[in-house]
Amino acid sequence: MSLKWEHQLGRFSFANSNSQESNILDESSDAWKPRGPPDGAAGLYVVRFDMRVVDNRKKHYTDKYQSSSLIVRRNKEFTIIISLNRDFNAEQDMVQLEFMIGSSPNAKNGTYINVSIGKMKQNRRWKCRVVETKANEVTVGITPDASCIIGRFRIFIAVITDLGKQRTPRNPDTDFYVLFNPWDPEDQVYMDNEDDRQEYVMNDVGTIFSGGYKNVTSNAWNFGQFEKGILDACLLVMDNGKVPLMYRGNVIEVVRQASALLNAQDDKGVMVGNWSGDYSDGTAPTAWTGSPEILLKYVNEGCEPVRFAQCWVFSGVMNTFTRCLGIPARVITTFHSAVDNTGNLKTDIVLDEDGKWDRSRIKDSIWNFHVWNEVYMKRPDLPEKFSGWQVIDCTPQETSDGLYRCGPASVNAIKEGEVSYPFDAKFVFAEINSDVIYYKADKYGNLKIIGVDTVYVGKLILTQKKDSSDYEDITFNYKYPEGSLKEKEIMQFAEDHGVRSRDYLTPPEAGVDIELQADAIKIGENLQLTLNIKNQTSQTCTVSAVITGCVVYYTGVTSKTFMFEDKSAFVEASSTKSLTIDVMASEYMSFLVDKSNLLFVVYGQVKESDTSLSTMTVVSLLPPELTMKMTGSPRIGKELVVSVEFLNPYNFTMKDVQLRVDGPGLIPTKLKKYSQILPGASVMYKVLLIPQSLGKKVLMACLDCPLLRQVTNKLEFEVVQDQNNEQRVIL
């Protein structure tokens, strides 16, 4: 199989493909080959026809796509002008419009559609009408069915006379695309708020949140769903995944298939997940700035999976895929997301005999943050109240029906504990509702529960706020307030409807609480931990505590233990005592991994009651700054320069450095490589821009190397109209 970019048409095409279902191929059997009018025919025939691309695309909200083809939305009329060799007579003439998709068009499965004007009967699904007749020119309105297949259609116009059916020749320039239509109430993806549609369908740049729940960080991401070649790339993902064409009119099937096809865990999907820290044979997940580079790389390299991705990359590309096809979508970040391998709403933390974190015994994990997507749709397969936002997740964690995929799972159903409905609601429910169970091993290896934390998991759930780069807290969309009566009822309901019962006994109350506090720090800074011991009893108590410090991946998997410290305190009755622990940068710097954090676990004992205590906290490590400055005359059509500068603040040499600069509607992705940046040295990269359109723009940059990951920044500006009718860029 080989792939060729058709520059004039702005799309990809196959050569010598064996695909049986492709919707961007032109493989037609003899039965579908068009026949032109016979020489000297006296009857009616088509001279030419105009797809009215510019006018139709404005009306269908598709004028942002960088393509020369017509792109329309379901259940919304578009018009074409047919020029005939003579005046059209509706009482006598029979003209048929044929629309075909795939290599074997068939009326039964919706891949062959015909509508007509004149004497012939109308199609029951796609609609057609004569809008206007002027001499030999007929303006025809066509309305694709509200549930029709999504993809690229071929069009032929046939005149039926006594001589038979005479079709227009095949012309790739008249091919057109049909997309989902969130503007139409009959479509499965309808949204009734224009602001929502502008944000969740039309916005081509966004913010993906990460970090920690006490210190949320963000990175700009280029969704780029309208950029050249992206629409064909999204359709090719389904073609290469052999998604049957008949499934492509159902948004449930489209997103469920996509959640499997965007990862390459069990097929040749779009992206290879890698959490090893070794990205030498690909691009580090932290280095990407947007989806277009990934999707076009996938296409240009013959559908070979792109290396590498982690959860926010998977989610960013999924957001591009769905928005490009017209499906409302948004990126979701959950802090303290549990991967519950047993499905019993328990995440087990095991401490060894000395109170240290025991990696060998811990099978579950709690991701410091995890990123997935929501898509908006009607769910005719569920009760009506479970329509709306649905979770989909293409990060390969667990299999669903034999493939690594997740969703769509109704957010409303998850909140109400209705975990028996499809798809994968039970898994998502566990991700945000698991209890953390602390165990301690004795010298014989026997485990004893020493503590339970019911509020650690699913701590905070965020998405990007509409028309803003800030976040919106949507935790309440997923769960009732922790500890509330309603939350307890939902947990019990979920256990009664498919979630395994939490089979553990809560240890006795110690009457003493411990809390570990620390602020986020920049990489390379010293840290001060504060251990607060709160004695709620009426007697003085003696507390001894062991604090373990680990470098941990954002997925909750520990890398190295760098600290082990003992503390003890006498705490008066009904009072709180605070202990401080100083952590020096030299203790953790040599153990850092990509996107690492510091995990601190406390094991405590109350001497008087012989009870145990345990808690943990994650400290976010923030990267240094990347500066971006704009200079020049910021006017539309005029050149301006953006400089990106970085100073290495560390005492080590940064090697194999990549700097990406990206901006949808501004420039294609720019990649600059540096073999090294010495300690205290700086680099500067300048980018030339010529703004060509009005509206908000975002230019983003990311510097990445094995010793320092994902140093990012963005520059936001807007092209507006001057009072003197000149257009300029406002920062």
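Okay, here's what the table says:
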| read-out | value |
| --- | --- |
| Single residue of PHE562, PHE652, PHE600 found to be among the hydrophobic types (A, V, I, L, M, F, W, C) and not in a strand (DSSP E or B) | PHE652 |
| Filter pass, VAL159 being in contact with a Gly (Cβ under 9 Å, 6 or more places away or on another chain), of a type in the set (A, V, I, L, M, F, W, C) and within 28 Å of PRO328 (Cβ to Cβ) | no |
| Pick from the stretch 414-448, criterion more than 20 Å from PRO481 (Cα to Cα) and acidic (Asp, Glu), ranking: nearest to the chain's Cα centre (by Cα) | ASP424 |
| Qualifying residues in the stretch 280-314 (those that are closer than 26 Å to ILE149 by Cβ and of a type in the set (Gly, Ala, Ser)) - the one surrounded by the most Cβ atoms within 10 Å (Cβ to Cβ) | SER291 |
| Residue list for the stretch 524-553, filter: of a type in the set (Val, Ile, Thr), open to solvent by less than 30 Å² (accessible area, probe 1.4 Å) and more than 22 Å from ILE449 (Cα to Cα) | VAL551, VAL552 |
| Only one of GLY273, GLY206, GLY277, GLY212 that is buried (at least 19 other Cβ atoms within 10 Å of the Cβ), under 28 Å from ILE366 (Cβ atoms), at pLDDT below 95 and small (Gly, Ala, Ser) | GLY212 |
| Any hit, the stretch 194-201, residues being touching a helix residue (DSSP H, G or I) at 6+ places or on another chain (Cβ under 6 Å) and outside any strand (DSSP E or B) | yes |
| Residue within the stretch 235-253 that is of a type in the set (Lys, Arg) and either under 28 Å from TYR554 (Cα atoms) or not in a loop (DSSP other than H, G, I, E, B) (or both) present | no |
| Test: residue in the stretch 69-83 that is in a loop (DSSP other than H, G, I, E, B), surrounded by fewer than 20 Cβ atoms within 10 Å (Cβ to Cβ), among the small types (Gly, Ala, Ser) and at pLDDT 95 or above | no |
| Count of residues meeting criterion [in contact (Cβ under 8 Å) with a residue 40 or more places away in the chain, outside any strand (DSSP E or B) and surrounded by fewer than 17 Cβ atoms within 10 Å (Cβ to Cβ)] in the stretch 610-632 | 2 |
| Test for ALA220: is it at pLDDT 95 or above, small (Gly, Ala, Ser) and not in a loop (DSSP other than H, G, I, E, B) | yes |
| Matching residues in the stretch 230-258 - criterion: being touching a Pro at 6+ places or on another chain (Cβ under 8 Å) and open to solvent by less than 10 Å² (accessible area, probe 1.4 Å) | ILE230, VAL255 |
| Hits in the stretch 84-108 (condition: acidic (Asp, Glu), surrounded by fewer than 17 Cβ atoms within 10 Å (Cβ to Cβ) and in contact (Cβ under 8 Å) with a residue 40 or more places away in the chain) | ASP87 |
| Residue in the stretch 591-600 that is in contact (Cβ under 8 Å) with a residue 40 or more places away in the chain, within 15 Å of ILE514 (Cα to Cα) and surrounded by 20 or more Cβ atoms within 10 Å (Cβ to Cβ) present | yes |
| The one condition in (1) among the basic types (Lys, Arg); (2) more than 38 Å from the chain's Cα centre (by Cα); (3) at pLDDT 90 or above that ARG154 fails to fulfil | (2) |
| Residues that are not small (Gly, Ala, Ser) and not in a strand (DSSP E or B), drawn from the stretch 633-648 | PRO634, ILE636, LYS638, GLU639, ASN648 |
| Filter pass, ALA409 being free of Cβ contacts under 8 Å to residues at least 24 places away in the same chain and either open to solvent by less than 10 Å² (accessible area, probe 1.4 Å) or of a type in the set (Ser, Thr, Tyr) (or both) | yes |
| Residue match in the stretch 355-368 (condition: buried (at least 24 other Cβ atoms within 10 Å of the Cβ), among the hydroxyl-bearing types (Ser, Thr, Tyr) and touching a residue at least 60 places away in the same chain (Cβ under 8 Å)) | no |
| For SER643: the one exception among (1) open to solvent by 30 Å² or more (accessible area, probe 1.4 Å); (2) among the polar types (S, T, N, Q); (3) out of contact with any Pro (no Cβ under 6 Å at 6 or more places or on another chain) | (1) |
| Residue within the stretch 128-150 that is of a type in the set (D, E, K, R), open to solvent by less than 60 Å² (accessible area, probe 1.4 Å) and under 22 Å from LEU236 (Cβ atoms) present | no |
| SER280 vs. criteria part of a loop (DSSP other than H, G, I, E, B), within 27 Å of LYS459 (Cα to Cα), of a type outside the set (A, V, I, L, M) and without any contact (Cβ under 8 Å) to a residue 24 or more places away in the chain | no |
| Selection from the stretch 701-717 of residues that are over 15 Å from THR669 (Cβ atoms) and either open to solvent by 10 Å² or more (accessible area, probe 1.4 Å) or among the aromatic types (Phe, Trp, Tyr) (or both) | PRO706, LEU707, ARG709, GLN710, ASN713, LEU715, GLU716, PHE717 |
| In the stretch 118-127, residue modelled with the lowest pLDDT [restricted to those that are crowded, with 17+ Cβ neighbours inside 10 Å and over 15 Å from PHE78 (Cβ atoms)] | ASN123 |
| The stretch 287-343, residues that are among the β-branched types (Val, Ile, Thr) and part of a helix (DSSP H, G or I) | ILE294, VAL299, VAL313, VAL317, THR320, THR322 |
| Enumeration of residues in the stretch 446-480 that are over 30 Å from PHE717 (Cβ atoms), exposed (fewer than 14 other Cβ atoms within 10 Å of the Cβ) and at pLDDT 95 or above | PHE476 |
| The stretch 369-395, residues that are surrounded by fewer than 24 Cβ atoms within 10 Å (Cβ to Cβ) and part of a loop (DSSP other than H, G, I, E, B) | LYS378, ARG379, PRO380, ASP381, LEU382, PRO383, SER387 |
| Test: LYS268 is surrounded by fewer than 19 Cβ atoms within 10 Å (Cβ to Cβ) and either assigned to a strand (DSSP E or B) or touching a helix residue (DSSP H, G or I) at 6+ places or on another chain (Cβ under 8 Å) (or both) | yes |
| Counted residues, the stretch 151-165 - those being within 18 Å of ILE80 (Cβ to Cβ) and either open to solvent by 10 Å² or more (accessible area, probe 1.4 Å) or hydroxyl-bearing (Ser, Thr, Tyr) (or both) | 1 |
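The values are calculated or read from the model by the stated rules, or taken from the named source; none is laboratory data. Here the structure is a predicted model, which is why all the values come from computation and not from measurement. No Cβ is skipped: glycine too gets one built from the backbone with ideal geometry, and neighbour counts run over all protein chains shown. In case anyone asks, the SASA skips ligands and DNA or RNA and just uses the protein heavy atoms, side chains included. Shrake-Rupley method; radii C 1.70, N 1.55, O 1.52, S 1.80 Å.
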